[in-house]
Amino acid sequence: HAATHGWSTRVRTEMRQLTTRIMDMFRDPTSSRQISYLNSVGFATDLMRLFTRIMPILEEEPRCAFVSSPAYVFGDIHGNLEDLHFFSDNLWRLGIGLTAGNFVFLGDYVDRGRSCLEVVSYLLTLKLLFPHKICLLRGNHETRDVNGWEEHYGERSYLKQCRERFGDDTGYRVWELSNQVFDRLPLSAVIDQDIFCVHGGIPRPISTSVGDKPKSRIQDILAVPRIAGINPPYEHESE
């Protein structure tokens with residue numbers, strides 16, 4: 001992938017070892033060895049390195065990804081590692097690289113479930129290893145206001161899980177850096193120029209035009225900056 005072409009031999013070796021550790025964790029997350037890893041400073045360090053390396057790859061992608069069939073489309077994961085194991089066992093049993101087709105995830109990877117960090121690390125590792133086969137869209141939970149809402153989600157809050165796992169200081173750094181990754185996720189995808197995929201539903205029409213031609217919503221999405229926090233609501237959405 002173009003984003004990895006500038007990597008030194010040392011960085012390539014480091015990332016190969018990192019992705020191996022994450023994939024080993026995914027295969028057997030409840031073993032004593034992996035439980036120790038998941039609660040270690042080493043896992044926090046791996047996460048932050050992964051986040052740093054994945055950001056330039058995401059910045060290359062348009063805000064509306066264009067995907068070819070065959071494609072699998074997945075709804076909310078919400079920190080549920082069991083769901084990902086089910087998909088892995090049944091849809092890409094031989095591995096993503098040996099499975100025909102592309103994989104589109106519609107967002108909401110964190111909050112509610114107990115394994116948010118495991119889910120995020122696995123999906124971003126897949127994106128790093130197979131950038132052209134994996135499409136990770138942004139859901140409303142990939143925003144700081146939602147995944148940092150500890151008062152509402154309690155033990156199931158993503159920020160709470162980061163802080164409990166790694167302590168307040170390191171946990172906050174992991175949470176913030178992962179949100180910088182989320183700021184770079186595409187907002188929608190179109191499969192075969194025919195099927196529109198987005199997390200939150202189809203927006204209400206607004207009258208925008210370029211010259212005499214109506215401006216498509218796809219053009220609106222493509223115009224969103226490659227790095228975007230939460231956009232303020234439009235005036236017509238104030239109700």
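The values are calculated or read from the model by the stated rules, or taken from the named source; none is laboratory data. Everything numeric in this text was worked out from a predicted model, so none of it was measured. Here the Cβ positions follow ideal geometry from the backbone for every residue, glycine too, while neighbour counts run over all protein chains shown. Please note that ligands, DNA and RNA were not included when accessible areas were found on the heavy atoms of the full protein model with its side chains. Shrake-Rupley method; radii C 1.70, N 1.55, O 1.52, S 1.80 Å.
Annotation for the stretch 35-105: trypsin sites (Lys or Arg not before Pro) lying in DSSP loop with at most 10 further Cβ atoms inside 10 Å of their Cβ are R93.
A quarter of the convex hull surface defined by the alpha-carbon atoms of the chain gives 14.6 nm² as the mean projection.
Among DSSP bridges having both ends in the chain, what percentage is antiparallel? Round to the nearest 5.
35 percent
Using a 1.4 Å probe over the heavy atoms of the protein chains, calculate the carbon and sulfur portion of the accessible area of the chain as a whole percent. Before the final figure, lay out the partial values.
Details: 6500 of 12350 Å².
Here it works out to 53 percent.
How large is the accessible surface per residue of the chain, computed with a 1.4 Å probe and reported in Å² as a whole number?
Values: 12350 Å² over 239 residues.
Heavy-atom accessible area per residue stands at 52 Å².
Of L129, L98, L84, which is the most mobile in a GNM of the chain whose springs link Cα atoms less than 10 angstrom apart? Maximum fluctuation in the GNM of the chain, among the listed residues, is at L98. Using a simple spin-label model with pseudo-atoms 7 Å out from Cα toward Cβ, T52 and R12 lie 2.0 nm apart. Only protein heavy atoms count here; on that basis, with a 1.4 Å probe, D168 has an accessible area of about 100 Å². Placing +1 on the Cβ of every Lys and Arg and -1 on the Cβ of every Asp and Glu, with no other charges, gives the chain a dipole of roughly 840 debye about its Cα centre.
Relative to the longest principal axis of the Cα atoms of the chain, helix 168-182 runs at roughly 40 degrees. Computed over the chain with a Gaussian network model linking Cα atoms closer than 10 Å, the most mobile of R144, R184, R12 is R12.
Go ahead and set up a Gaussian network model of the chain, Cα springs under 10 Å, then flag whichever of T19, T45, T99 fluctuates most. Result: T99 has the largest fluctuation of those listed. Entry note, the chain: the mean residue ellipticity at 222 nm calculated from DSSP H runs of n ≥ 4, each adding -39500 (n - 2.57), is -13500 deg cm²/dmol after division by the residues and rounding to the nearest 500.
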